[in-house]
Amino acid sequence: MKRDKSFLRHLALKAAHTINALGEGFEVKVKPGRGNFVTDADFASEQVIMDEIRSHFPDDKILSEETANDTTDALKADHIWIIDPIDGTNNFRFGRHYSAISIGYATKGELQEGIVYNFSTQELYQASKGNGAFYNEIQMQTPQIPRIDNISVGIGNSSDPKRTQKHLNILASIEPVPWVSIRGSSALEISEIARGSLNAYIHSCLHPWDVAAAMLIVRESGGVVKNFKGEEATFLSPDIIAGYKDVVDQLLPYIHES
Ligand code: IPD
Ligand code: CA
Ligand code: CA
């Protein structure tokens, strides 16, 4: 077994099967923090993915939202898996069909593989370093948009409401105000940039499992993912802006001024 595209696809499909087999029979629990929930399906998906990785690569480090979330030395690990067993749990619990399994694989901080799979709609985004990014089987290229006067921008609900307010203020200060989208799954929203259904995404207080796989997907399709200082983001960067380079360059000053 190799740590490659087919293995990641195998992991995502197996987890999707587990989640979908639960149907609507899952329990919802409240986690500490604002609007933070977890369901039986999150735990079941995580277990399946971790068991499968451990059975083939027992020495690899695993960073996963629900039960293995210690980020110490994550950027130094020779082999690390970064897992969100369900990104968009709030959508999942209300049956909104906009949630995904997100799995990234990195060596020494460099993302090598990433998959984001909407297990309700079977939409699959996948990228391998140096080999492009794909939506289902179609290769994606982030649209080269030169100006920000007619773009769609996604933001998210940050665990710190002041940060969400700040992002809304930034968007309101752009003339004309962009088409604003808040859909509740950073992994899917960032991946959407690669296929042009969203042009930029701004979010604070994120965790590595929210972004790792999608970061590679955007970069492999020709887009960029930066921190708020304008530097290349790592999967540990909590504050990120993603999009086509020219769009990100024009949005960054608004973030600096806010
Ligand atoms: C959440 C989603 C959401 C973002 C939140 C995340 P979860 O992840 O990615 O879009 O705004 O900050 O916590 O909790 O559904 O895995
Ligand atoms: Ca998440
Ligand atoms: Ca999650």
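The values are calculated or read from the model by the stated rules, or taken from the named source; none is laboratory data. Everything quoted here is computed from the prediction, not taken from an experiment. Cβ placement follows ideal geometry from the backbone for every residue including glycine, while neighbour counts extend to all protein chains displayed.
Quick one: is GLU46 within 20 Å of VAL116 (Cβ to Cβ) and in contact (Cβ under 8 Å) with a residue 40 or more places away in the chain?
Details: within 20 Å of VAL116 (Cβ to Cβ): yes; in contact (Cβ under 8 Å) with a residue 40 or more places away in the chain: no.
It is false that GLU46 is within 20 Å of VAL116 (Cβ to Cβ) and in contact (Cβ under 8 Å) with a residue 40 or more places away in the chain.
Would you pick out the residues in region 65-94 that are closer than 27 Å to GLY23 by Cβ, more than 11 Å from ligand 1 (Cβ to nearest atom) and assigned to a strand (DSSP E or B)? Step through it out loud before you land on a result.
Step one: of region 65-94, the residues closer than 27 Å to GLY23 by Cβ are 65-68, 83-94.
Restricting the remaining residues to those that are more than 11 Å from ligand 1 (Cβ to nearest atom) gives 67-68, 94.
Selection gives ALA68 alone.
In summary, helices (runs of 4 or more DSSP H) completely within region 175-258 and bearing 1 or more residues that are within 14 Å of ligand 1 (Cβ to nearest atom) and of a type outside the set (Ser, Thr, Tyr) occur at 186-195, 208-220.
Among the residues making up region 158-214, those that are surrounded by fewer than 19 Cβ atoms within 10 Å (Cβ to Cβ) and within 16 Å of ligand 3 (Cβ to nearest atom) are SER159, ARG183, CYS205. Filtering region 36-65 to residues that are within 12 Å of ligand 2 (Cβ to nearest atom) and either among the aromatic types (Phe, Trp, Tyr) or modelled with pLDDT under 95 (or both) leaves ASN36, PHE37, VAL38.
Within region 1-53, can you find the residues that are more than 13 Å from ligand 3 (Cβ to nearest atom), outside any helix (DSSP H, G or I) and not aliphatic (A, V, I, L, M)? Passing the criteria: LYS2, ARG3, ASP4, GLY23, GLU24, GLY25, PHE26, GLU27, PRO32, ARG34. Take the residues of region 43-80 that are under 26 Å from VAL28 (Cβ atoms) and touching an Asp or Glu at 6+ places or on another chain (Cβ under 7 Å): which is surrounded by the most Cβ atoms within 10 Å (Cβ to Cβ)? Residue satisfying both the conditions and the ranking: GLU46.
Residues of region 56-95 being hydrophobic (A, V, I, L, M, F, W, C), within 12 Å of ligand 3 (Cβ to nearest atom) and either at positive phi or over 14 Å from the mean Cα position of the chain (by Cα) (or both), which ones? The answer is PHE92, and nothing else.
Contact annotation: residue pairs with Cβ atoms under 6 Å, 6 or more positions apart or on different chains, pairing a residue in region 191-208 that is closer than 21 Å to ASP84 by Cα and acidic (Asp, Glu) with a partner that is away from ligand 1 (no atom under 12 Å from the Cβ) and at pLDDT 95 or above, are GLU192/LEU198.
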